[in-house]
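The values are calculated or read from the model by the stated rules, or taken from the named source; none is laboratory data. Since the structure is predicted, the reported quantities are computational estimates derived from the model, not experimental observations. Methodologically, a virtual Cβ is constructed for each residue, glycine included, from the backbone with ideal geometry; neighbour enumeration extends over all protein chains shown.
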Amino acid sequence: MSCVYVVDDDPSVLKATSRLLRATGFEVRAFPSAVAYLEQFDADAAGCLVLDLNMPAVNGLQLQQALAQRGGAPAIIFLSGQADVPKSVEAMKGGAVEFLTKPVDASALVGAVRAALETDRRQRDARAGRMAVAKRLATLTPREEQVLRGVVAGKLNKQIAGELGTAEKTVKVHRGRVMEKMQVDSVAALVQAAARVDIG
Amino acid sequence: MTGFIIPALWSMIAGACLATGAIHLGPALKPPRQRARLAFVGLAASVAVLAVMQPMISNAPDVEEYDALRRWVQAPIFAAVVLVVVFLRDYLGTARAWLANLACGAAFASVVVAFAVQPEELSATRWTAIEEITLALLAAFVADAGITCWRRGDAAERRRAVLASGSILVALAIVALDVLVISAGSLHATYLYAFASATVLGALGTERGARWNDPQHDRFRLVLDAASNGLMIVDKRGCVGVANARAARLFGYSVAQLSAIAVDDLIPDMGLGGSRGAALLAFAGREVMGRRRDGSRFPLEVNVTAMESSYGLTTLLSVVDMTERRRAEDLLRRERGFLRQVIDADPNLIFVKDREGRFTLANKAVADLYGTTVEDLIGRTDADFDANPAEVAAFRHDDLQVMETKSELFVAEERVTDAAGKVHAVQTVKRPLVGPDGRADHVLGVSTDITARKETERQLGVQRNEIAHLSRAMMVAELSGSLAHELNQPLTAILSNAQAALRFLERGDATPSDIQEILRDIVEDDKRAGHVIQGMRLLLTKGEARREAVDVNAAAQDVLRLMHSDLINAGVTVIVRSGRDLPQVRGDRVQIQQVVMNLMLNACDAMQQMPQRQRQLTIATSLTADVIRVDIIDRGPGIAPEHASKIFEPFFTTKGHGLGMGLSICRTIVAAHGGRLWAEDGEGGGAAFRFTLPARAGEGP
């Protein structure tokens, strides 16, 4: 179950925002500061982050950067007291899903949260798929990987054999093993999987 | 028979005359010198000479010697005439000068004639007439002097007048008889001259000796002359009889001259025109103008004493020259006038009041204030002029207190209502005036009208407040982003809470207590928004500085709240070290907040270029000996030494924005609260701004 994380240094805003999201049916976890959130951060946990931009000590943008460095950051919706253009640009560049100005209307916030959760889900799915391909890729022998790259590059078995200095037959065997290990049943699927791990 | 008797007689007369003269010569020369007596001695001598010369003329052996002697005998005659005049003048003191001069002149003419005219013509009538004239003049002189003395004097004087004038007149009568006899040709009787003279001398010589020996008379004269006042005895006709030396000197006469002068000539003011000495009494103690012999006038004080004596009413005038006293009085008057001018020229109110509150002295400023004159003020009280009884009561209270305690009183401000009903603010110093008996029966007051000064101060205060307000408005503008944010936060919370409630209700799973909790939060946030607005409005409020009890820590907290977002935006961490149990101060809460806010904004600006972890601002409050101190310390670059002396000057700024009025206004505000604002180097390398405010623990708001 994905969760909505709310971080705001203002207790009453934090409480109200959390309450609104809960009323809409989200699971909400509230944190009074960026540091508090970072302490319990779990890269694997799905969800989105509703983050106040202006906070003492560590502000919203700084938290965004910190999360980016760690990886596995949830989709972020920024809340700001004022429409600060340079900061919103910076936030969006850092991958924020939305930049909302307080006071924020419930529908706008809920819409943004839904979109963020969707984004997060997609991001996580993509990441999960990437991880599976990578895992399978790791099972390939070096020769099989070479064959894989050749196949993904659209080369014929004969060409690959020529480049690798082996027999076409051998390439064929390798190719079959690659398909098996990568759990694909077509060259198209193989190319797609390879693309996920930036091969090809 | 006469052939030998008469020569012997002549010798006896001469001898007697010389003896008489010798007897009087000794006393006459002894001090005090008696001119009359000396004249008498001279007279005796000249008669002696005459006595010697008469028989020589009669027995002249030839014509030449006869003529020579006839010439020379004129010398002793002349001497005798002059000496008679001098003698009478001094002895009786009543000589009439012009008669005396005429008689002496005639006698001198006889001498001249005797030597100038041929001896054979000498017996001509026109020449002998001179002798007769001389005789007549001398007789007139003697008679006049005698009569004057008689009429003026007392019994003793009258005796002297009779004796002196009488005997001389008898002698002159004898001489006149002699002349008549000679002109009849019946007798060659020049002898009679000397006989007559000798008779007089004999009669006077004894009498006079006794008179001169009268010590009473001398003492009287001495006392008279020693008196410090001019003394004159005036007879009932208004003539001066006796006068002392001082009176004579005063009027520019000799003592002898002064006698027989009418008082009206000396003191024309008296206007008596003669006789009634009693009328002089009306001038007792009066100051009149005297007239000197040379006609000049001088001020004179006259005291009159009536003396009833056996021969009628006389008056003793005691006169004092007032010239010096007048001059002194004039000087005094001028000095008084000068002092009067000085105090009247003083714009301050100067006054002296007695125990009953009556003005005994006041200057023009007081009179002007009360719309009256200085003369009118004297003897009257404040109540007669000041329409406000409360003010009058306050004056009275203070006046009595000063006189009771005999100590100075300073009244920093009191009110007095002028004649036009306008109320003046005055500052007054009152001091007791202690008399010789040690009591303070008068109070001296000096009041300065401070109405205009107060008005100026008030206007300055208004201006100061306006500048302070302007400065606050600029700070609010500077903080507007932050303030908007502070307002935005509760609004955000309210909106979210309200919408949450709506959704709970839509879903239908909300309990009333959930809704209640939400509504409570909404109320709280609304209040919070209200506070922000109130704080902002206060900062923007324009008006007079107030005097209320202010909790410095609470004021600082309010500032921190208003600046919350700004501090976050600036990345500044605030460390608050509030002193515990601080007493309240008296002053304007908003202005004190303004100072704190201004100093904090400056601190934030100063740290803008610093790395974020160094942007630390400390605000501390503490209490030392009834003085509350507030420190605002940053960790910026500190104050450049070349700026240290200028930072509190108006229009000095190191920032790109702002007027440079902030610190100048802060200092003015702190000073107006009785405190001090200054800058130092901070502990952390930045700047420390500190200000003090006097704690007013005991005073209510």
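Residues of the range B:545-578 that are farther than 19 Å from B:Val670 by Cα and either away from chain A (no Cβ under 14 Å) or not in a helix (DSSP H, G or I) (or both): B:Leu562, B:Ala570, B:Gly571, B:Val572, B:Thr573, B:Val574, B:Ile575, B:Val576, B:Arg577, B:Ser578. When restricted to residues that are in a loop (DSSP other than H, G, I, E, B), surrounded by 14 or more Cβ atoms within 10 Å (Cβ to Cβ) and of a type in the set (A, V, I, L, M), the range B:399-457 contains 2. For the range B:622-651, the set of residues classified as small (Gly, Ala, Ser) and either closer than 22 Å to B:Ile575 by Cα or not in a loop (DSSP other than H, G, I, E, B) (or both) consists of B:Ser622, B:Gly636, B:Gly638, listed by residue number. Screening the candidates A:Val97, A:Val85, A:Val58 for the property of being β-branched (Val, Ile, Thr), within 23 Å of A:Ala126 (Cβ to Cβ) and more than 9 Å from every other protein chain (Cβ to nearest Cβ) yields one hit, A:Val97. Any residue at all in the range B:6-25 that is closer than 20 Å to B:Arg221 by Cα, at pLDDT below 75 and in a helix (DSSP H, G or I)? For the range B:6-25, residues closer than 20 Å to B:Arg221 by Cα, at pLDDT below 75 and in a helix (DSSP H, G or I): absent. Residues in the range B:510-526 that are aliphatic (A, V, I, L, M) and more than 9 Å from chain A (Cβ to nearest Cβ): B:Ile515, B:Leu519, B:Val523. Among the residues of the range B:569-600, those that are surrounded by fewer than 21 Cβ atoms within 10 Å (Cβ to Cβ) and of a type in the set (A, V, I, L, M) comprise B:Ala570, B:Val574, B:Ile575, B:Val576, B:Leu582. Just one residue in the set A:Asp44, A:Asp52 is in the same structural domain as A:Lys15 (by TED's automatic domain parsing) and modelled with pLDDT under 85; that residue is A:Asp44.
Number of residues in the range A:154-194 that are polar (S, T, N, Q) and within 28 Å of the chain's Cα centre (by Cα): the value is 3. Looking across the range B:579-613, just one residue is outside any loop (DSSP other than H, G, I, E, B), more than 18 Å from B:Phe691 (Cβ to Cβ) and away from chain A (no Cβ under 14 Å), and that is B:Asp605. Of the helices (runs of 4 or more DSSP H) that lie entirely inside the range A:1-115, those containing 1 or more residues that are touching a residue at least 24 places away in the same chain (Cβ under 8 Å), touching an Asp or Glu at 6+ places or on another chain (Cβ under 7 Å) and buried (at least 20 other Cβ atoms within 10 Å of the Cβ) span A:11-24, A:60-70.
One residue alone among A:Val147, A:Val133, A:Val151 is buried (at least 17 other Cβ atoms within 10 Å of the Cβ) and within 16 Å of the chain's Cα centre (by Cα), and that residue is A:Val133. Taken together, B:Ala529, B:Ala493, B:Ala498 contain a single residue that is closer than 24 Å to A:Ala83 by Cβ, more than 8 Å from chain A (Cβ to nearest Cβ), free of Cβ contacts under 8 Å to residues at least 40 places away in the same chain and assigned to a helix (DSSP H, G or I), which is B:Ala498. The single condition from (1) closer than 26 Å to B:Trp10 by Cβ; (2) under 60 Å from the mean Cα position of the chain (by Cα); (3) among the hydrophobic types (A, V, I, L, M, F, W, C) that B:Met53 fails is (2).
Restricting attention to the range B:74-133, the residues being exposed (fewer than 14 other Cβ atoms within 10 Å of the Cβ), free of Cβ contacts under 8 Å to residues at least 40 places away in the same chain and among the aliphatic types (A, V, I, L, M) number 4. Considering A:Leu67, A:Leu21, A:Leu14, the condition of being out of contact with any strand residue (DSSP E or B) (no Cβ under 7 Å at 6 or more places or on another chain), in the same structural domain as A:Gln123 (by TED's automatic domain parsing) and modelled with pLDDT of 85 or more is satisfied by A:Leu67 alone. Residues in the range B:477-496 include at least one that is modelled with pLDDT of 85 or more and β-branched (Val, Ile, Thr). If the condition is being assigned to a helix (DSSP H, G or I) and among the basic types (Lys, Arg), then the range A:116-174 contributes A:Arg121, A:Arg122, A:Arg124, A:Arg127, A:Arg130, A:Lys135, A:Arg136, A:Arg143, A:Arg149, A:Lys158, A:Lys169, A:Lys172. Pairs linking a residue in the range B:47-61 that is assigned by TED's automatic domain parsing to the domain that holds B:Val81 to a residue that is part of a loop (DSSP other than H, G, I, E, B) and modelled with pLDDT of 80 or more, with Cβ atoms under 8 Å and 6 or more positions apart or on different chains, are B:Leu50/B:Val73; B:Met53/B:Val73; B:Gln54/B:Val73; B:Ile57/B:Val73. Restricting the range B:460-488 to residues that are without any contact (Cβ under 8 Å) to a residue 40 or more places away in the chain and either over 21 Å from B:Thr668 (Cα atoms) or buried (at least 22 other Cβ atoms within 10 Å of the Cβ) (or both) leaves a set whose member that is farthest from the other protein chains (Cβ to nearest Cβ) is B:Ala477.
Report whether or not B:Arg507 is of a type in the set (Lys, Arg) and within 14 Å of another protein chain (Cβ to nearest Cβ). Here the answer is yes, as B:Arg507 does meet what is asked. Restricting to the range A:9-36, and then to whatever is farther than 27 Å from B:Glu506 by Cβ and out of contact with any helix residue (DSSP H, G or I) (no Cβ under 7 Å at 6 or more places or on another chain), can you tell me which residue is nearest to the other protein chains (Cβ to nearest Cβ)? Within the range A:9-36, the match that is nearest to the other protein chains (Cβ to nearest Cβ) is A:Asp9.
If the condition is being in contact (Cβ under 8 Å) with a residue 24 or more places away in the chain, assigned to a helix (DSSP H, G or I) and hydrophobic (A, V, I, L, M, F, W, C), then the range B:239-262 contributes B:Ala247, B:Leu250, B:Phe251, B:Val255, B:Ala256, B:Leu258.
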